[in-house]
Amino acid sequence: MNALFFASAFVLLSCQSTPERPAPGQPPVTDPTPPVTQPPGNPTWSFDSSGHAQLDAWRADFAPRAYAAGHSKDVIHSVLDGIEPMRQFLSVSSAPVDQAEFSKPIWDYVDDTVSASRLSTGRQKLANDTALFDALERTYGVQKAYLAAIWGMETSYGAVIGNFDAPSTLASMAAEGRRQSFAERELMALMTILTAGDAYRHELIAGWAGAMGQTQFMPTTYVAYAVDWTGDGTKDVWRARADALASAANYLQASGWRPGEPSLVEVSLPTPFNYSYANGQKQPTSTWAALGVTPATGGVIDPAGIGQSELWLPAGAAGPAFLLYPNFDVIKTYNRADSYALSVSLIAEGVQNRPAPAGAWPRDIDRLNIEEIKRLQSALNQLGYSAGPVDGIAGRGTRNALQSFQIAAGMLADGFPTRRALAAVEGAL
Ligand SMILES: [Ca+2]
């Protein structure tokens, strides 16, 4: 993904045609470079022009470096011959690349991703593939509802895996420059995949940012975690749903998934409630109970007996409330957005016929646009509440700073950026 990471309350998308599609993690993988000693001498490199000077210049520079890293000349040519400039990274006409950014409230993101059709399809997929999901849950310890939820979120259960050529996509990202070393690492992982015979060159199909297959693995993630569940000798995350799902389960297990535990539990808060407890800090389950925090939809607030959790109010005091457990952070190794982990969690509930969230979103609240969030951040910084960079993204730093201001001002301290909060902060300058 780009250096843009989602804020907890607002989701920043670059544009409709190229939604943020972060990698399944950038895990601490081993260097995918094969330990090959090259024959002596420097081969000469010759490629047909891609028609894009910047891409050609980058390729001429990268090919010998990939060779020096141990990849064979044949494989380097296989990956780099015929690459084309991709407009999501490189301007290919006189029309500028659309980089319009807009903020989107988290409830719109949840509405879009936790749709009725996605839930009903998920239930069907679980019912049709019970044996597979049960076996994956037994093997990797990841509950099948969460596996189905990630599959549904990433590619609508394999229906939308993208149609970009992965080498062209990553080469364009590299040539664009801002994420050059990341993209080059991923390209070398593609070379490793071809060398291992896991896929043919023409099968390297990806989403717009290079993530591949039904569970959207970046190439380095594929090299480190992809699994041949079907036993046919290839890790076909594109066409074999069993390989893709096993690979995702293997990745989640390696990222620290805790078997049998929920990622979150929706709760109800008493009135009045001291919202300053929703500050990103964990509290013991006994503290939540003593404060009057109760489960929103029955059961108990800590069904797995984990012992502590963080209270999260994704839309402030007027919206639903959740206790976050460690698996929430494991989901975020797939995609660093809180909103993504929330949607995966809600889909996992929904495919088990547990409607969530039970609490209503504050759809009519006077939330802030990007310019107003920048004003809020600037004012908080001037007042000595460190909101971090003035970037128009109301992430945790901004919200914690606002909450500190609200506590000092004796206001309802939920850290949620509304016009009323902005007026109070600017009024204190
Ligand atoms: Ca296979």
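The values are calculated or read from the model by the stated rules, or taken from the named source; none is laboratory data. Predicted, not measured: the structure shown is a model, and the values here were computed from it. Cβ coordinates were reconstructed from backbone atoms using ideal geometry, including for glycine residues, and neighbour counts include every protein chain displayed. With ligands, DNA and RNA removed, areas are computed over all heavy atoms of the protein, side chains included. Shrake-Rupley method; radii C 1.70, N 1.55, O 1.52, S 1.80 Å.
Results, tabulated for the structure shown:
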item: Filtered residues of the range 208-219 (kept if modelled with pLDDT of 95 or more and either among the charged types (D, E, K, R) or open to solvent by 10 Å² or more (accessible area, probe 1.4 Å) (or both)); result: 214
item: Subset of the range 187-221 (residues that are closer than 22 Å to residue 137 by Cβ and of a type outside the set (Val, Ile, Thr)); result: 213, 214, 216, 217
item: Sole exception among (1) farther than 18 Å from residue 207 by Cα; (2) in contact with a Gly (Cβ under 7 Å, 6 or more places away or on another chain); (3) part of a loop (DSSP other than H, G, I, E, B) for residue 142, by number; result: (2)
item: Complete set of residues in the range 222-246 that are more than 10 Å from the ligand (Cβ to nearest atom) and small (Gly, Ala, Ser); result: 224
item: Any hit, the range 199-214, residues being within 16 Å of the ligand (Cβ to nearest atom) and either more than 16 Å from residue 79 (Cα to Cα) or not assigned by TED's automatic domain parsing to the domain that holds residue 113 (or both); result: yes
item: Residues of the range 135-156 classified as of a type in the set (Val, Ile, Thr) and buried (at least 24 other Cβ atoms within 10 Å of the Cβ), total; result: 2
item: Enumeration of residues in the range 325-340 that are farther than 18 Å from residue 259 by Cβ and aliphatic (A, V, I, L, M); result: 337
item: Some residue of the range 254-269 being away from the ligand (no atom under 16 Å from the Cβ), outside the structural domain of residue 138 (by TED's automatic domain parsing), of a type in the set (Gly, Ala, Ser) and without any contact (Cβ under 8 Å) to a residue 24 or more places away in the chain; result: no
item: Output for the range 183-198, where each listed residue is within 16 Å of the ligand (Cβ to nearest atom) and either open to solvent by 50 Å² or more (accessible area, probe 1.4 Å) or of a type outside the set (A, V, I, L, M, F, W, C) (or both); result: 196, 197, 198
item: Residue identified as surrounded by fewer than 22 Cβ atoms within 10 Å (Cβ to Cβ) and closer than 18 Å to residue 337 by Cα among 370, 393, 407; result: 370
item: Unique match (being under 28 Å from residue 211 (Cα atoms) and in a loop (DSSP other than H, G, I, E, B)) among 340, 334; result: 334
item: The lone exception for residue 280 - which of (1) within 13 Å of the ligand (Cβ to nearest atom); (2) touching a Lys or Arg at 6+ places or on another chain (Cβ under 8 Å); (3) on the phi > 0 side of the Ramachandran plot it fails; result: (1)
